[in-house]
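Beneath this line is the structure, given in structure tokens, with notes to follow.
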Amino acid sequence: MFNASNMGKKKRSKKVTEDDEFGLSGADSSATATTSTSDEVLLPDPTTLGNIIQYESGLLACAVSPVYGRYLNTQRDLKRGDLIFSEKYLIAGPQRSSDIVCVGCHSEFQDETERCSPVPIANGQYSPTKAGTCDFGALTILRGLLLKLRDPIAWNKLLHLEAHNDIRRNLPLWRENMINVVVVILHQWKLFEYFTEEEVHTVCGVLEVNSFELGEKYSFRGIFPMAAMMAHDCVPNTTHFQNGIDGILDVRAAIDIPAGTPLSICYAFSLEGTSQRRKMLQETKFFECTCARCCDAKELGTCLSGVFCQTCRKGFIYNTGAADLAQVWVCEKCNTKAPLQYIDSLLENWQEAVDRVDDIPSSEKFIDNCKGIFHPNHFIPFGVKFNVCQAYGRETTELQNLSPTDLDRKLALCREVLDVLDVLTPGYTITRGMVLYELQAAEIIHIRRLQANLKPPILRRKLQMTLKTLKDAIAILEMSATSTIEYEISQSAKKETLVDLTKWISLLK
């Protein structure tokens with residue numbers, strides 16, 4: 001497993017039984033794979049390049065670290081927004097422990113006659129479709145296994161992704177897979193002549209470690225072998241845009257990337273605290289992250305994990321042991337050491353409370369209640385701020401009808417959120433694009449209300465700054481698939497808001 005910042009160095013946390021919704025694991029094994037009719041699956045050697053040279057191009061180079069495995073470098077300078085590669089999923093299907101879904105479009109349905117496609121298994125057989133008869137997630141595993149019979153090259157690609165069988169076989173998840181997947185495929189569906197138990201477990205592991213969540217309306221998961229070779233970093237230099245309908249993943253440069261730099265994505269949820277990200281990565285990706293952000297107690301100055309000290313009531317408590325993969329929570333002002341049990345209990349209680357926040361008033365009350373508990377940027381109140389900054393002007397009152405107080409609040413929240421996003425998810429990312437769009441919309445309303453009291457040079461300067469924000473938002477959002485709401489927003493803004501704002505500025509000259 002390669003960590004981009006450690007070259008040369010030795011939907012909240014998820015349980016090991018859950019699928020990772022946020023990331024894609026870098027495969028760290030690479031020699032030619034072979035399969036066996038016995039229970040043993042011969043997996044690739046993690047210390048060699050093997051057949052990953054197929055992913056090299058004039059833009060990309062493959063490399064291997066004996067500690068971290070294989071990864072991709074860019075061979076030329078990239079500008080933010082540049083398309084690095086597009087990839088269609090190798091396999092895709094329902095999430096693990098999925099409810100009844102259509103295995104064609106992955107939409108949920110109550111009546112089996114509503115599905116738009118049958119559920120093929122093998123040799124003309126079809127799977128049950130009534131609730132409780134099988135784990136629909138097993139169908140995704142089966143699709144991976146069928147590559148062995150139908151497409152040996154694709155099967156070889158699948159086996160070159162890390163499954164971590166050596167670790168997983170000692171975890172409760174292995175037993176769950178035995179009951180919900182292995183028994184279902186080999187015995188209920190009578191496919192034991194075609195696949196071994198080890199092969200089924202291996203495909204389970206490949207999906208658990210490497211899959212991306214897909215879907216715009218309905219959630220499913222897919223495997224992208226090339227994307228799986230990107231390194232991990234909690235402040236990644238690439239971003240991805242998915243087309244859930246066609247199963248295409250576009251990987252783009254989020255920021256300017258110099259030639260020779262490893263390409264990175266974040267396998268965890270970027271907007272959670274270090275302890276939560278590390279726990280998720282350890283439990284589902286099986287490595288300890290030591291990127292620059294994880295080793296900094298204040299998370300690159302964002303203070304996303306800061307807890308207000310109840311002893312001196314002046315400073316914030318941070319994990320000063322982060323660089324040593326430890327948890328030592330100490331106040332920056334009075335040096336009071338907080339027990340880990342206190343930190344964990346505090347977070348658990350407030351994470352339960354945030355689940356009850358469902359509108360703007362409850363969001364604002366929650367944020368206010370957090371003031372004497374967390375740093376203003378702490379990931380728990382930050383998540384609420386991220387949602388509510390977009391809710392103002394959309395939830396009940398239209399943007400142009402917001403009171404001056406509410407409009408100012410929306411502007412303040414958007415700017416607070418962007419200050420954090422600019423550090424942790426910098427550049428051309430969907431999260432930044434949506435907040436930038438909300439910010440410029442509020443700024444236009446604010447300027448219209450103030451224009452009578454502004455001198456033309458000041459008015460022009462404010463409008464030009466808003467125009468830049470709008471252009472950045474459009475540039476990001478129009479990279480989305482044409483079927484998405486983000487793309488629709490970008491095109492509407494380009495045809496209407498951009499034209500109107502440009503004309504307004506021109507009239508002031």
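In the range 419-434, the residues that are at positive phi form Cβ pairs under 9 Å with partners that are surrounded by fewer than 22 Cβ atoms within 10 Å (Cβ to Cβ) and of a type in the set (Asp, Glu), at six or more places apart or across chains, as follows: Gly427/Asp256. Tell me the residue from Lys385, Lys410 that is assigned to a helix (DSSP H, G or I) and in contact with a Gly (Cβ under 8 Å, 6 or more places away or on another chain), please. Going through Lys385, Lys410 in turn, just one is assigned to a helix (DSSP H, G or I) and in contact with a Gly (Cβ under 8 Å, 6 or more places away or on another chain): Lys410. The condition of being basic (Lys, Arg) and open to solvent by less than 40 Å² (accessible area, probe 1.4 Å) holds for Lys385. The residue list Pro361, Pro426 contains one member that is outside any helix (DSSP H, G or I) and at pLDDT 95 or above, which is Pro426.
When Leu436, Leu459, Leu463 are screened for being open to solvent by less than 20 Å² (accessible area, probe 1.4 Å), touching a Ser or Thr at 6+ places or on another chain (Cβ under 6 Å) and either modelled with pLDDT of 95 or more or not small (Gly, Ala, Ser) (or both), only Leu436 passes. With respect to being open to solvent by less than 10 Å² (accessible area, probe 1.4 Å) and in contact with a Pro (Cβ under 7 Å, 6 or more places away or on another chain), Leu161 fits the description. Scanning the range 323-340 for residues being under 28 Å from the mean Cα position of the chain (by Cα) and either at pLDDT 95 or above or open to solvent by 50 Å² or more (accessible area, probe 1.4 Å) (or both) gives a total of 7. Does Phe136 satisfy the condition of being touching a Gly at 6+ places or on another chain (Cβ under 6 Å) and not acidic (Asp, Glu)? Spelling it out, it is not the case that Phe136 is touching a Gly at 6+ places or on another chain (Cβ under 6 Å) and not acidic (Asp, Glu). Of all residues in the range 137-186, exactly one satisfies the criterion of being out of contact with any helix residue (DSSP H, G or I) (no Cβ under 6 Å at 6 or more places or on another chain) and small (Gly, Ala, Ser), namely Gly137.
Name the single residue, out of those in the range 470-485 being assigned to a helix (DSSP H, G or I) and either surrounded by fewer than 21 Cβ atoms within 10 Å (Cβ to Cβ) or in contact with a Lys or Arg (Cβ under 6 Å, 6 or more places away or on another chain) (or both), that is modelled with the lowest pLDDT. The qualifying residue modelled with the lowest pLDDT is Ile485.
Yes or no, residue by residue, for (1) assigned to a strand (DSSP E or B); (2) over 28 Å from Ala163 (Cβ atoms); (3) modelled with pLDDT of 90 or more:
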site	(1), (2), (3)
Ser57	no, no, no
Val64	yes, no, no
Arg70	yes, no, no
Asn73	yes, no, yes
Ile84	yes, no, yes
Arg96	no, no, no
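Answer yes if at least one residue in the range 281-291 is at pLDDT 95 or above and either surrounded by fewer than 21 Cβ atoms within 10 Å (Cβ to Cβ) or among the aromatic types (Phe, Trp, Tyr) (or both), and no otherwise. The answer is no, given that none of the residues of the range 281-291 is at pLDDT 95 or above and either surrounded by fewer than 21 Cβ atoms within 10 Å (Cβ to Cβ) or among the aromatic types (Phe, Trp, Tyr) (or both).
The residue of the range 189-230 that is farthest from the chain's Cα centre (by Cα), among those that are open to solvent by 10 Å² or more (accessible area, probe 1.4 Å) and polar (S, T, N, Q), is Thr196. For Leu304, the stated conditions hold: it is crowded, with 22+ Cβ neighbours inside 10 Å, outside any strand (DSSP E or B), in contact with a Lys or Arg (Cβ under 9 Å, 6 or more places away or on another chain) and not polar (S, T, N, Q). Scanning the range 400-433 for residues that are of a type in the set (A, V, I, L, M, F, W, C) and open to solvent by 30 Å² or more (accessible area, probe 1.4 Å) yields Ala412, Val423, Ile430. Taken together, Lys333, Lys279 contain a single residue that is within 30 Å of Gln95 (Cβ to Cβ) and among the charged types (D, E, K, R), which is Lys279.
The values are calculated or read from the model by the stated rules, or taken from the named source; none is laboratory data. Just so we're clear, the structure is a prediction, and the values are computed from it rather than from any experiment. Note that we place each Cβ from the backbone using ideal geometry, even for glycine, and neighbour counts take in every protein chain shown. Please note that ligands, DNA and RNA were not included when accessible areas were found on the heavy atoms of the full protein model with its side chains. Shrake-Rupley method; radii C 1.70, N 1.55, O 1.52, S 1.80 Å.
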